[in-house]
Amino acid sequence: MVSPIQIFIDADACPVREEVYKVALRHATPVCVVSNSYLRVLTHPLIKRIVVSDNFDAADDYIAERVDARAIAITADILLADRCIKAGAIVIGPNGKPFTPDSIGAALATRAIMVDLRAGLTSDNIGGPPPFKPADRSRFLQSLHEAIVKMKRDG
């Protein structure tokens with residue numbers, strides 16, 4: 001028997017939790033909302049709230065230790081995305097762009113460069129990710145739907 005699909009949300013700063021619920025409930029797919037602090041989540045039997053300790057990477061560790069080839073992880077955290085990909089999970093950023101085995105290396109390298117640049121700056125601000133836009137939300141909905149459909153089809 002094939003294990004069920006499960007969605008894990010790295011929820012502390014996730015702007016698309018409601019969108020995850022919408023798609024997951026349409027597909028009757030369980031969701032695990034993982035955070036370091038209490039967050040309001042939709043009350044539904046398929047939605048499970050997990051509050052981990054506030055230790056560094058506690059939420060990431062919880063997710064990475066539980067994902068497998070039947071899991072979809074929702075995160076903007078590149079290091080967590082890498083761990084989830086290595087475990088076989090599908091990983092989607094809140095902007096709807098998937099992290100893949102082919103793209104994660106470049107994402108990790110870019111992250112490392114940005115960390116180095118930020119460490120060397122004193123007063124200049126090199127900024128962070130671009131602002132979240134309605135197009136990102138729409139792309140996310142489509143990406144999550146497609147990932148669930150593919151997993152169901154592939155068994």
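In table form, for the structure just shown:
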quantity: Subset of the range 13-47 that is among the charged types (D, E, K, R) and surrounded by fewer than 14 Cβ atoms within 10 Å (Cβ to Cβ) - its residue that is farthest from LYS97 (Cα to Cα); calculated: ARG40
quantity: Counted residues, the range 54-78 - those being farther than 25 Å from LEU141 by Cβ and at pLDDT below 95; calculated: 4
quantity: Of residues in the range 48-61 being part of a loop (DSSP other than H, G, I, E, B) and of a type in the set (D, E, K, R), the one surrounded by the most Cβ atoms within 10 Å (Cβ to Cβ); calculated: ASP57
quantity: Selection count, the range 23-41, where residues are over 24 Å from ASP57 (Cα atoms), among the aliphatic types (A, V, I, L, M) and in a loop (DSSP other than H, G, I, E, B); calculated: 1
quantity: Per-region count, the range 5-23, residues under 20 Å from ALA69 (Cα atoms) and free of Cβ contacts under 8 Å to residues at least 60 places away in the same chain; calculated: 0
quantity: Residue pairs meeting the criteria (Cβ under 9 Å; at least 6 apart or on separate chains; first among the aromatic types (Phe, Trp, Tyr), in the range 24-50; second outside any loop (DSSP other than H, G, I, E, B)); calculated: TYR38/ARG49; TYR38/VAL51
quantity: Set ILE126, ILE113: member being among the hydrophobic types (A, V, I, L, M, F, W, C), over 23 Å from VAL23 (Cβ atoms), part of a loop (DSSP other than H, G, I, E, B) and at pLDDT below 90; calculated: ILE126
quantity: Hey, ALA81 outside any strand (DSSP E or B) and buried (at least 16 other Cβ atoms within 10 Å of the Cβ) or not; calculated: yes
quantity: Extreme residue, farthest from the chain's Cα centre (by Cα), among residues of the range 3-22 that are assigned to a strand (DSSP E or B) and among the aliphatic types (A, V, I, L, M); calculated: ILE7
quantity: Boolean, ILE104 is modelled with pLDDT of 95 or more, surrounded by 15 or more Cβ atoms within 10 Å (Cβ to Cβ) and within 14 Å of the chain's Cα centre (by Cα); calculated: no
quantity: So ASN55, is it touching a helix residue (DSSP H, G or I) at 6+ places or on another chain (Cβ under 6 Å) and either of a type in the set (S, T, N, Q) or without any contact (Cβ under 8 Å) to a residue 12 or more places away in the chain (or both); calculated: no
quantity: Selected residue (only one of ALA81, ALA73 is in contact (Cβ under 8 Å) with a residue 60 or more places away in the chain and under 10 Å from the mean Cα position of the chain (by Cα)); calculated: ALA73
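The values are calculated or read from the model by the stated rules, or taken from the named source; none is laboratory data. Quantities reported herein were computed from a predicted structural model and do not represent experimental measurements. All Cβ positions, even for glycine, are placed from backbone atoms using ideal geometry, and neighbour counts span all protein chains on display.
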